[in-house]
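Here is the structure we will look at.
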Amino acid sequence: MLKKYQNDKIPNYLKKYIRMCEKAKDILDSDHYFEEDEFFFHPNIGINIVDKITSDDRFYIPSKTEKINMKECIWLPTEDKLKELADSMNLDQGSLENFLKDNNGYPKGKKPSKIFNLPEEKWLAYYMLERHNMIWSQEKNKWIKKDFF
């Protein structure tokens with residue numbers, strides 16, 4: 001469950017998810033565009049919510065008057081938003097459970113249920129595999145094409 005955090009207060013368990021989203025930024029940006037009330041990460045701000053979007057690819061955040069440049073931010077999709085993206089591909093909770101138990105999509109012996117802890121991580125990994133044929137490499141700390149392992 002995402003919520004707002006100042007940069008120095010982000011819990012360690014969220015840092016992996018931020019990295020996963022950061023490394024998928026170009027891919028996710030092509031699939032989605034920032035919307036109001038969505039979470040993002042900015043290196044100087046931390047995790048916050050888009051309040052109002054302006055016409056020049058900037059947005060405001062609650063209780064701040066300065067504009068934030070979207071290009072400096074990493075979209076952090078919530079579990080619900082990732083479910084929406086997955087639903088558009090006819091992926092559901094049942095198929096997610098199969099993905100988590102199976103190691104066919106990941107290198108031999110690595111079940112996704114052992115790699116991903118947060119619901120957002122699980123849905124993102126499933127979406128990236130099914131939509132873009134990419135898996136998360138913990139060793140390289142990035143998304144790689146499934147064909148390369």
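The table below lists the values:
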{"read-out": "Relative packing of peptides 116-128, 11-23 - highest average C-beta neighbours within 10 Å first", "value": "116-128, 11-23"}
{"read-out": "Cα-derived Rg to Rh of segment 5-148, Kirkwood definition", "value": "0.99"}
{"read-out": "Relative contact order for the chain, counting Cα pairs under 8 Å that sit 6 or more residues apart, in percent", "value": "21 percent"}
{"read-out": "Student exercise, the chain dipole from Lys, Arg, Asp, Glu Cβ charges, in Debye to nearest 20", "value": "840 debye"}
{"read-out": "Positive-end residue of ILE144, SER95, ASN69, charge dipole of segment 5-148 with Cβ unit charges", "value": "ILE144"}
{"read-out": "Of LYS67/LYS142; LYS16/LYS145; LYS110/LYS142; LYS3/LYS101, those spanning more than 22 Å from alpha-carbon to alpha-carbon", "value": "LYS67/LYS142; LYS3/LYS101"}
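Bear in mind these aren't lab numbers, they're just calculated from the coordinates by the rules spelled out. This is a predicted model, so every value here is computed, not measured. Note: ideal-geometry Cβ built from the backbone for every residue, glycine included; neighbour counts use all protein chains shown.
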